[in-house]
Amino acid sequence: MVKVYICSDCKSNKCSSKKGIEIYEILRQYTYLVDEVELIMSKCMCQEGCAGYKIQIDEEIYTDIDINRIEEILFEHYS
């Protein structure tokens, strides 16, 4: 399972929900690796500066996610 966390009130405005939904949609394309993708809207939990988009794969959390790195992260995690 992959969880995509999107801040509903990002303090720095670095995390737009539109881009977070794009990350979610990209992850859904990898159904042969990921059986379920969950989108979670939450309040900003960053203590010192924005950590960017967060995804959780199994128990591991990846921060500052860039759309261009999603495939790399998935293959790294599942290899």
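Here, each number is a calculation from the coordinates, and none is a lab measurement. Keep in mind that this is a model prediction, so the values were computed, not measured. Cβ atoms come from the backbone with ideal geometry, glycine included; neighbour counts cover every protein chain shown.
Tabulated data
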quantity: Identified option (computed Cα Rg over 2.2 N^0.38 Å; candidates [x] 1.04; [y] 1.39; [z] 1.62); calculated: [x]
quantity: Principal-axis tilt of helix 17-28 within the chain, Cα atoms, nearest 10 degrees; calculated: 10 degrees
quantity: Qualifying GluC sites (Glu not before Pro) in the chain, DSSP loop, other Cβ atoms within 10 Å at most 16; calculated: Glu36, Glu48, Glu59
quantity: Karplus-derived 3J(HN,Hα), 6.51/-1.76/1.60, for each residue of the range 51-62, Hz, glycine and proline x; calculated: 8, x, 5, 10, 10, 10, 10, 6, 9, 9, 9, 10
quantity: DSSP loop trypsin sites (Lys or Arg not before Pro) with at most 13 other Cβ within 10 Å excluded, longest remaining stretch of the chain; calculated: 44-79
quantity: Options Cys50, Val4, Val34, ranked by Cα towards positive dipole end of the range 1-71, top entry (Cβ charges); calculated: Cys50
quantity: Charged-residue dipole, Cβ positions (Lys, Arg, Asp, Glu), the range 2-78 about Cα centre, Debye nearest 20; calculated: 480 debye
